[in-house]
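Notes follow the structure.
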Amino acid sequence: ATLAGMMHLIGVLPILTYAEDHFELLSDAVSLNHVIDRIHPIIGQKLLTAWEFPEMLAKVPGEFQNFERQVDQADYVDLVQVATVHS
């Protein structure tokens, strides 16, 4: 659970690394935040999958913002969702 919480925003890091090399993106906070909000879940899930994390952890970045998801049993995504709402 702790690892899921630590890794749910892992997709933000490559975006910030890219922005460091592209001043026009880094200097426009509104655009940068929009880019981060839109693609960090996709990047995060792809990174964790490529790094061969177990599926139950790899899906957390891509699904933790989907509050309409339906599952039969609580999982790490649910735990991160609860923590996100309460923080």
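The values are calculated or read from the model by the stated rules, or taken from the named source; none is laboratory data. Please read all numbers here as calculations on a predicted model, not as lab measurements. A quick note on method: Cβ atoms are made from the backbone with ideal geometry, for glycine too, and the neighbour counts reach across all protein chains shown.
The C-beta contact set for the stretch 45-71 (first residue free of Cβ contacts under 8 Å to residues at least 24 places away in the same chain and closer than 16 Å to Ala1 by Cβ, second residue surrounded by 13 or more Cβ atoms within 10 Å (Cβ to Cβ) and of a type in the set (A, V, I, L, M, F, W, C), distance under 6 angstrom, 6+ apart or interchain) comprises Ala58/Leu48; Glu63/Val77. Residue pairs whose Cβ atoms lie under 9 Å apart, separated by 6 or more positions or on different chains, with the first residue in the stretch 1-18 and closer than 16 Å to Pro41 by Cα and the second at pLDDT below 95 and part of a loop (DSSP other than H, G, I, E, B), do not occur.
Of the residues examined, Leu47 is not one that is surrounded by fewer than 18 Cβ atoms within 10 Å (Cβ to Cβ) and out of contact with any helix residue (DSSP H, G or I) (no Cβ under 8 Å at 6 or more places or on another chain). Among the residues making up the stretch 17-38, those that are surrounded by 13 or more Cβ atoms within 10 Å (Cβ to Cβ) and either under 22 Å from Ala83 (Cβ atoms) or touching a Phe, Trp or Tyr at 6+ places or on another chain (Cβ under 8 Å) (or both) are Leu25, Ile36.
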